Amino acid sequence: MIEPQSNSLKFTQSSEMSSDEMSSYPNGIWHRFSEEKGAVLVVGHGTRKASGAAQLLDLVSQMQKLAPAAIIVGSFLELAEPSISHAIRSLHVRGIERIVVVPVLLFTAAHAREDIPEAVVEAATACGLELVGQSGSLGTHSSVLALSASRYDEVIALERGATCPQNACAKVKCSSGICESRGQVFGSIGLAMVGRGTSDVAALSHMRQLTQLRVAEMDAKRFGTGFFAGGEPDVDTLLEQAAGWDCDTIIVQPHLLFEGELIEQLRGKVYAMQQDHPDRRWLIARTLGADPKLAEVFLELAAEQILKSA
């Protein structure tokens, strides 16, 4: 994690900042941060899928709308542009002298502890920018739990005849051209939560904890957590386990931020399960995606880091 420098921002309530600015948290903070030539560097993991990269940049735009006084730019650790170094150079050209880094990550693991800080330090040092600090990951923040629950509820709403969320069915295409899961009785439901996975034991534990917190507030008869890599069970094992649950409907929910190759793989796996186990309904929820709720949380995390460095 990037440690804030001791001579960082001097945020104090003075005559230069009105009481109105201070009370309109966090707008007063962003006004002062920008005045002191500070900017927010948002860093996503990156993906080869254009729609996934666009979602990260869309999230940055949402953050900018929520904090118009702030200077916010997006970047990617790998696989997409702009890179971290490119974004930092562009800020330097604009006269920015200090940055707070906001990793767009669900859990704290190697990317947050090593890869992103190393890339940021190298690029910022080359440009002479001061590093205010790096915010934490989302973890089990209440807003993340609420957004995750809303993605599940979108699928549940099909039973009531609601409009089908994009790619919700485990079908390539409904034969009638109209979602065939709308208005159907789902019966008992099992929830299969799927995380990216990591070699970090604590991050895996936090993902399992998130599933437990979600299930505590819903009516799922059976549930489980699986991972694409680095955790047990893996996705294939989880889906096979789910096929043995005494449930009428299995909802597979990817706990991923944006579209990418992993979600495409998961859709293919769920489609295959529907063909192999047609005795039950298989549905898949959307990723969290670019959402104002997430934008607000990331801004809060960044503001906390700025205040901490004062």
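No lab work stands behind these numbers, since they all come straight from the coordinates. Treat the numbers as computed from the prediction; the structure is a model and nothing was measured. Cβ: placed from backbone, ideal geometry, glycine included. Neighbour counts: every protein chain shown.
Quick look at the values:
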| read-out | value |
| --- | --- |
| 18 Å Cα-Cα reach of Lys221 towards aspartates and glutamates, excluding residues that sit fewer than 8 places from it in its own chain | Asp153, Glu159, Glu240, Asp246, Asp248, Asp279 |
| For semi-axes √(5λ) of the Cα gyration tensor in Å, calculated from these coordinates, the label among [x] 37, 27, 18; [y] 40, 19, 17; [z] 44, 25, 16 | [y] |
| Sorted by Cβ density within 10 Å, fewest first, the residues Arg196, Arg182, Arg48 | Arg48, Arg182, Arg196 |
| Fewest-first sequence of Ile84, Ile71, Ile178, Ile99 by Cβ atoms within 10 Å of each Cβ | Ile178, Ile71, Ile84, Ile99 |
| Cβ-based charge dipole, the chain, positive-most Cα from Thr287, Pro165, Leu57 | Pro165 |
| Relative contact order [Cα under 8 Å, 6+ residues apart], the chain, whole percent | 23 percent |
| Three-way shape call for the range 142-284 based on the alpha-carbon gyration tensor, with the a/c threshold at 1.5 | prolate |
| Cα-based helix-to-principal-axis angle, 292-308 vs the chain, degrees rounded to 10 | 40 degrees |
| Anisotropy class of the range 71-132 from Cα gyration tensor, a/c 1.5 cut | prolate |
| Estimated 222 nm signal from helices in the chain, with DSSP H stretches of n ≥ 4 weighted -39500 (n - 2.57), rounded to 500 | -12500 deg cm²/dmol |
| Sum of side-chain charges, Ile250 neighbourhood, beta-carbon under 10 Å (Lys, Arg +1; Asp, Glu -1) | +2 |
| Unmatched cysteines, the chain - criterion: no other Cβ of a Cys under 4.7 angstrom | Cys127, Cys169, Cys174, Cys247 |
